[in-house]
Amino acid sequence: MATPGIASTAILSFIFSWNEFLFALLLTRQKVQTAPIGVLNFIVFEKMNWGVIAAGAIVIALPVIFFGIAIRKYYVKGLTQGGLAGD
């Protein structure tokens, strides 16, 4: 009975932790970087390499998209399980 709620919490936690940019920007160094910070390094003073930035953004977004598709049934069920039907 708790599976939909746990799945909903898992997808939201995964998305929020995967997309955490500010902590990664402030706490990481040059030797250790997360993927969004790595994409940020493609922006230089002279120009922005839009093709590489777009490709990096797609690669970063793919795990979240696949994870969401994999558990979408549980996610919707978990969000609507607490709803009440009219009597």
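The values are calculated or read from the model by the stated rules, or taken from the named source; none is laboratory data. Note that this is a predicted model, so its numbers are computed, not measured. Neighbour counts are summed over all protein chains in view; Cβ atoms, including those assigned to glycine, are modelled from backbone coordinates with ideal geometry. All accessible areas refer to the heavy atoms of the entire protein, side chains included, with ligands and DNA or RNA removed. Shrake-Rupley method; radii C 1.70, N 1.55, O 1.52, S 1.80 Å.
Here is the figure for the range 22-40: residues that are assigned to a loop (DSSP other than H, G, I, E, B) and exposed (fewer than 12 other Cβ atoms within 10 Å of the Cβ) total 4. If we scan the range 67-75, do we find a residue that is in a helix (DSSP H, G or I) and of a type in the set (D, E, K, R)? Yes, that holds for at least one residue. Of the residues in the range 5-19, none is at pLDDT below 75 and exposed (fewer than 10 other Cβ atoms within 10 Å of the Cβ). The set of residues from the range 10-36 being without any contact (Cβ under 8 Å) to a residue 40 or more places away in the chain and under 30 Å from Lys77 (Cα atoms) comprises Leu12, Ser13, Phe16, Ser17, Glu20, Phe21. Selection over the range 41-59 of residues that are part of a helix (DSSP H, G or I) and open to solvent by less than 100 Å² (accessible area, probe 1.4 Å) gives a count of 8.
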